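Here is the structure we will look at.
The numbers here are math on the coordinates, done by the rules we state, and not lab data. This one's a predicted model, so the numbers in the text were calculated from it and none came from an experiment. Backbone-built Cβ (ideal geometry, glycine too); neighbour counts: all protein chains shown.
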Amino acid sequence: MLFASDMHLDPSRPEITQLFIDYLNEHGPKADAVYLLGDLFEVWLGDKVSLGDYEDVIACFRALSQTTTLFVLRGNRDFLLGEAFAKASRVTLLNDPQVVDLYGTPTLITHGDLLCTDDVNYQRYRKIATNRAVQWLALNLIPDRKKREIARNMREASKRAQAQKQGDIMDVNHDEVRHWFNRYTVSQMIHGHTHRPGQHQYDTNMGTAQRWVLGDWYTQGSVIKVTAKAGPELQQLALS
Ligand code: MN
């Protein structure tokens with residue numbers, strides 16, 4: 001099984017889109033399933049506006065769906081991914097978080113932003129942005145051209161806010177991580193969002209638990225390959 005997140009695909013970085021598509025074309029058909037854990041797209045302004053911006057990626061998903069089941073979680077950049085996207089791409093949208101069975105090991109998968117509880121301002125924003133009624137109003141009342149403008153402004157504001165925040169605030173809160181292991185009674189977790197690829201251990205009620213973090217796709221690719229024999233393995237893909 002393959003995991004990736006935080007591709008942040010954007011028409012302005014065609015080489016990353018190509019790396020992602022090439023990887024999926026080569027390795028996807030051999031995988032038992034592919035899980036994409038959010039922030040696939042740099043920005044998603046609703047299916048009606050954004051489907052047309054990513055036709056090559058959607059076509060790749062659709063082709064892969066003939067051999068492999070694709071699961072998608074929404075991230076904070078693409079929380080507006082909807083049913084039209086799922087239908088066009090032939091992917092299954094999952095709620096965040098989700099427990100999945102990885103060759104006998106129950107594993108919690110999540111985008112990761114919900115674990116970053118130290119960033120109080122972000123969590124406040126998230127609560128509003130993921131509210132169904134707010135989303136409906138935004139999608140239906142804001143003209144399409146205005147949506148692009150708002151997205152641009154929000155990204156600029158987010159960059160400024162990130163530059164001001166201390167590094168640790170944007171990482172996961174370790175008490176929250178332990179709490180999730182215990183609440184979902186799992187000893188394995190995979191997420192993205194923090195752009196800090198790695199593997200971390202925690203003492204939990206279930207014993208030692210592993211938290212695997214996927215990296216972003218800004219200057220390279222990052223995937224976790226899980227096999228029945230070897231378990232999870234973090235891999236970096238070079239941009240040729
Ligand atoms: Mn994210």
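Points worth noting:
- Cut-off 19 Å, label 7 Å out along Cα→Cβ of R90, residues of segment 1-38 by amide N: 2, 21-36
- Comparing mean-square fluctuations of A163, A86, A228 from a GNM of the chain with C-alpha springs under 10 Å, the top value falls on A163.
- Extension gain from T105 to T117, taking 0.36 nm per residue of separation minus the Cα-Cα distance: 1.7 nm
- Other-chain or far-sequence residues with amide H under 5 Å of Y35's (modelled H): L2, F3, A4, F71
- Share, in percent, of DSSP beta bridges within the chain that are antiparallel, nearest 5: 50
- Difference of contour (0.36 nm per residue) and Cα-Cα distance, W136 to R62: 24.0 nm
- Pairs of lysines in the chain (C-alpha under 22 Å apart; 8 or more residues apart or interchain): 10
- Remark on S222: its backbone amide H falls under 5 Å from those of L237, a criterion applied only to residues 5 or more positions apart or on other chains, H modelled at 1.01 Å from N.
- The chain pair-distance distribution - Cα-Cα, 5 Å bins, rounded %: 1, 6, 13, 19, 20, 17, 13, 8, 2, 0, 0
- Counting neighbouring Cβ atoms within 10 Å and putting the fewest first, the residues H200, H195 line up as H200, H195.
- With R₀ fixed at 25 Å, the C-beta to C-beta distance from K127 to D175 puts the FRET efficiency at about 0.80.
- Contact order normalised by residue count of segment 115-233, Cα under 8 Å, 6+ apart, percent: 19
- For T227 and Q162, the difference between the fully extended length at 0.36 nm per residue and the C-alpha to C-alpha distance is 19.8 nm.
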